[in-house]
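Single-structure report; data block below.
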Amino acid sequence: MKGKVRLTIADSVAHVTLSHPGKLNAMSRVMWQELREVFEAIQQDAALRCVLLAGEEGNFCAGGDISEYAAFRFEESSLRQFHDELVWGGLQAVLDCDVPIVVQIEGACMGAGLEIASCCDLRLAGASAKFGAPIAKLGFPMAPRELALVMCAAGELTAREMLLSAVVLDAQAVAQRGFLHRVVPDQDVADEAVMMASRVKRLAPQAARLNKQAFRALAHTQRALAATGSITNPYAYAASAEHREGVTAFVDKRSPQF
Amino acid sequence: MKGKVRLTIADSVAHVTLSHPGKLNAMSRVMWQELREVFEAIQQDAALRCVLLAGEEGNFCAGGDISEYAAFRFEESSLRQFHDELVWGGLQAVLDCDVPIVVQIEGACMGAGLEIASCCDLRLAGASAKFGAPIAKLGFPMAPRELALVMCAAGELTAREMLLSAVVLDAQAVAQRGFLHRVVPDQDVADEAVMMASRVKRLAPQAARLNKQAFRALAHTQRALAATGSITNPYAYAASAEHREGVTAFVDKRSPQF
Amino acid sequence: MKGKVRLTIADSVAHVTLSHPGKLNAMSRVMWQELREVFEAIQQDAALRCVLLAGEEGNFCAGGDISEYAAFRFEESSLRQFHDELVWGGLQAVLDCDVPIVVQIEGACMGAGLEIASCCDLRLAGASAKFGAPIAKLGFPMAPRELALVMCAAGELTAREMLLSAVVLDAQAVAQRGFLHRVVPDQDVADEAVMMASRVKRLAPQAARLNKQAFRALAHTQRALAATGSITNPYAYAASAEHREGVTAFVDKRSPQF
């Protein structure tokens, strides 16, 4: 496939690459759609044994493409559609993938990047990678289902710290908190990811798919509970001054006034 | 407010202080009621952006006020009322607070103190702080909802160790187990807590409240399940000899004989 | 009791020993039945205050007894009976035990051993112990309820790594991930386990039983959800070529071809 989420298949391994040059592979709306299509294609291919997901040119994914936000974030129905259909459609396709997913994390792993990484099975990072979701600076919360996803993968302590105090953590810190399987020197992360994919590839493929289905049955429950929880309207903040100020200030390269 | 749980508000930050001189801020019955009132007042104040919770004079909270126990713990209905209404009323008010809560932990963080800290979002501790719930020495279990709260915040491993072997752990150990965000030298913990509150205060306040509601939707589920679990009567132990011996021995300053 | 799962009682502590000489205490079908009987007996004995579970001769348990697998694993109904009745019957009896269980882990703690250890309350290991569930090399997945058990005890990150990439981790690694309470030099683990059992024994016994019931109420929920999750038939893989190849290759001492 062409586009900004690229799929190549070699020797029963699917290589998925996020590519948004000049934006540290930040996810645009079209990229969420492409992410969904790529993982739906992977799920249809019974011959695949592993997915290796990475970002281009030394970064995994810096978050969402903020330049698009003013076009849809300040109206409740378009904000809801963005999160519930476009973003969750992409994340759900990754979560629904029965093939083990190795994610190779370099550089920025922020916001949308953190959410995508949270859908993967085996997480490797280079020592200088950075992790966070400092959207409280942009004037908006994380959508509840996405929060539940990050909370399950990164732990409640880390999710609260990232969301409520907007900290950015380094690879060593999130590894100690249980988000990463391994941290390796930056120059080794690509080779290590290939070695891990190669290791996964040699194992029993049907067993892997059945194990992934069992993990999913457990995780789905938690997220479903979050989605149907006590929040009656998670997107009512769309038109608020705070939301508008945060996004606008970022685009204008000035500090937001909350 | 006067009383033993004090609230002062300055520059959109609510400072809540536990103050029970000579008892390391152990929670008496009146303090649970005051804790509830203070946090209900905070929740009503739309202008607040952060809560900073601490204990007076170098300790957070050493547990419950054991000198009161003989008056109500050995009868099932008064024990039930204590846990389900008084204690849970206080904890629920902290949990229901939509404003991010930074807790500054020094010295003793035991039993009730551990439970209160488990309701907070960002947990900082001084290096010499101590954590535990050695109530098995006092002849009684933790109430199931409180156990679920500690288990979610401190992890199942740590909760089992604290309850079943009555260990007291140091700050470094519970940080490694994922209960604390940061451990700093004792003399720096107050300044660090103020800096973290100040950082939280500058972020988007509506986003923080929405994120807290989402975290709560997830956490509520787990605790609700625990509360409605397989335990038909968690307070039937009230009049047991073991319970009476544990509490009485403590008050008499002798070793309990179980 | 005689047999391969031995129970001796001394001074209100039940000592349970896995003994399968020459197989690193691997669990045969008869041992699962014995494990159930031993723990049902323990649960009936109101005078017990602690269980100390260990394996004989420097190993805890290397997994299942693979030499038996060809006799029952390749037919769906006998595979289902094995997992749902025999294995889960044993694990359930350990989980249902109201007495605190200290597990002393030396050497191999793999597969079935990891599952049994996951049912215990206080986990001590010698520094050279090894942990994993590399059954993807044997061509089969972990049964969903057993997976949920390991996932809750060892964490999702570690469970995915063990199942999907078949890694074997050392004691220090799984301690850092939150599976173990303590790692001690190999020569000290037996003494430390006795000391921990002795510490537990002196605490209030009714309180311990009530705390264990509360922990169980929480944990049951997660596992029940997993068991009734989206997997309609977790044992349909019984007769698959992959399953047969994995088990057969192991018995034949050759590499499986998946």
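Taking every DSSP beta bridge with both residues inside the protein assembly as shown, roughly what % is antiparallel (nearest 5)?
Antiparallel bridges: around 30 percent, rounded to the nearest 5.
For the stretch B:13-20, just list the computed ³J(HN,Hα) in residue order, Karplus coefficients 6.51, -1.76 and 1.60, θ = phi - 60°, integers in Hz, with x standing in for Gly and Pro.
10, 8, 9, 10, 10, 7, 9, 9
Any chance you could give the angle, 0 to 90 degrees and rounded to 10, that helix B:241-251 forms with the longest Cα principal axis of chain B?
Helix B:241-251 sits roughly 60 degrees off the main axis of chain B.
Near A:G22, within a Cβ-to-Cβ distance under 12 Å, what is the net charge of the other residues, with Lys and Arg +1 and Asp and Glu -1?
Summing Lys/Arg as +1 and Asp/Glu as -1 gives -1.
Starting from the amide H of B:K130, placed 1.01 Å from N in the peptide plane, find each other amide H under 5 Å away whose residue is 5 or more places distant or on another chain.
Here B:G107, B:A108, B:C109 satisfy the definition.
Please report how far the C-alpha centroid of the stretch A:129-183 lies from that of the stretch B:171-202, rounded to the nearest whole angstrom.
For the stretch A:129-183 versus the stretch B:171-202, the Cα centre distance is 17 Å.
Which order do A:C61, A:C120 fall in if you start with the one that has the fewest other Cβ atoms within 10 Å?
By the 10 Å Cβ count, ascending: A:C120, A:C61.
Run the numbers on the stretch C:5-201 and let me know its relative contact order in percent, using alpha-carbon pairs under 8 Å that are six or more apart.
21 percent.
Report, to one decimal in Å, the Kirkwood hydrodynamic radius for the stretch B:22-104 based on all distinct Cα pairs.
Evaluated on the stretch B:22-104, it is 13.8 Å.
Give me the Debye-computed log₁₀ of I(q)/I(0) at q = 0.10, 0.11, 0.17 Å⁻¹ for chain B, equal point scatterers on Cα only, no solvent, two decimals.
Log10 I(q)/I(0), no solvent term: -0.46, -0.57, -1.41.
Name the residues whose placed amide hydrogens come within less than 5 Å of the amide hydrogen of B:H15, ignoring near sequence neighbours (fewer than 5 apart) on the same chain.
Here B:T8, B:I9, B:A10, B:L52 satisfy the definition.
Within the stretch C:1-72, what percent of beta bridges assigned by DSSP are antiparallel, to the nearest 5?
45 percent
Around C:S128, what is the net charge, scoring Lys/Arg as +1 and Asp/Glu as -1 over all other residues with Cβ under 11 Å from its Cβ?
Here the count lands on -2.
Could you list C:H83, A:H181 so that the one with the fewest beta carbons within 10 Å of its beta carbon is first and the one with the most is last?
C:H83, A:H181
How far is helix C:29-44 tilted, in degrees, relative to the longest principal axis of the Cα atoms in chain C, given as a value from 0 to 90 rounded to the nearest 10?
On a 0 to 90 degree scale, this one is about 30.
Give me the inter-chain shielding for B:149-156: mean count of other chain Cβ atoms within 10 Å, whole number please.
Mean shielding by partner chains, rounded to a whole number: 3.
Using a 10 Å cut-off around each Cβ of peptide A:133-141, what is the average number of partner chain Cβ atoms that fall inside?
Taking all residues of A:133-141 together, the mean is 5.
Can you compute the modelled spin-label distance between C:E40 and A:E40, with each label point 7 Å from Cα toward Cβ, in nm?
In this crude spin-label approximation the distance works out to 5.2 nm.
For a protection proxy built on the mean count of beta-carbon atoms within 10 angstrom, sort B:50-56, A:252-258 highest first, please.
Descending mean neighbour count gives B:50-56, A:252-258.
How charged is the neighbourhood of B:S67? Take every other residue with its Cβ under 13 Å from the Cβ of B:S67, and add Lys/Arg as +1 and Asp/Glu as -1.
+1
Of the beta bridges DSSP finds with both residues in the stretch A:5-188, what % are antiparallel, to the nearest 5?
Of all bridge pairs located within the stretch A:5-188, approximately 30 percent are antiparallel.
Taking only the alpha carbons of the protein assembly as shown, what extent do you get along each of the three principal axes, in Å, biggest first?
77, 73, 40
What is the helix-to-structure angle for A:144-154, meaning the angle in degrees between its Cα long axis and the longest Cα principal axis of chain A, kept from 0 to 90 and rounded to the nearest 10?
Its long axis makes an angle of about 50 degrees.
Hey, fewest Cβ within 10 Å first, where do C:I101, B:I135 land in order?
Placing the least packed residue first, the sequence is B:I135, C:I101.
Which links in A:K2/A:K212; B:K4/B:K137; C:K2/C:K253 stretch past 30 Å when you go from one Cα to the other?
Listed pairs above 30 Å: C:K2/C:K253.
For chain B, what does the helix formula give at 222 nm: sum of -39500 (n - 2.57) over DSSP H segments with n ≥ 4, over the residue count, nearest 500 deg cm²/dmol?
After summing the helix terms and dividing by the residues of chain B, the value is -13000 deg cm²/dmol.
None of the figures in this text is laboratory data; all of them are computed from the coordinates on show. Quantities reported herein were computed from a predicted structural model and do not represent experimental measurements. Cβ coordinates were reconstructed from backbone atoms using ideal geometry, including for glycine residues, and neighbour counts include every protein chain displayed.
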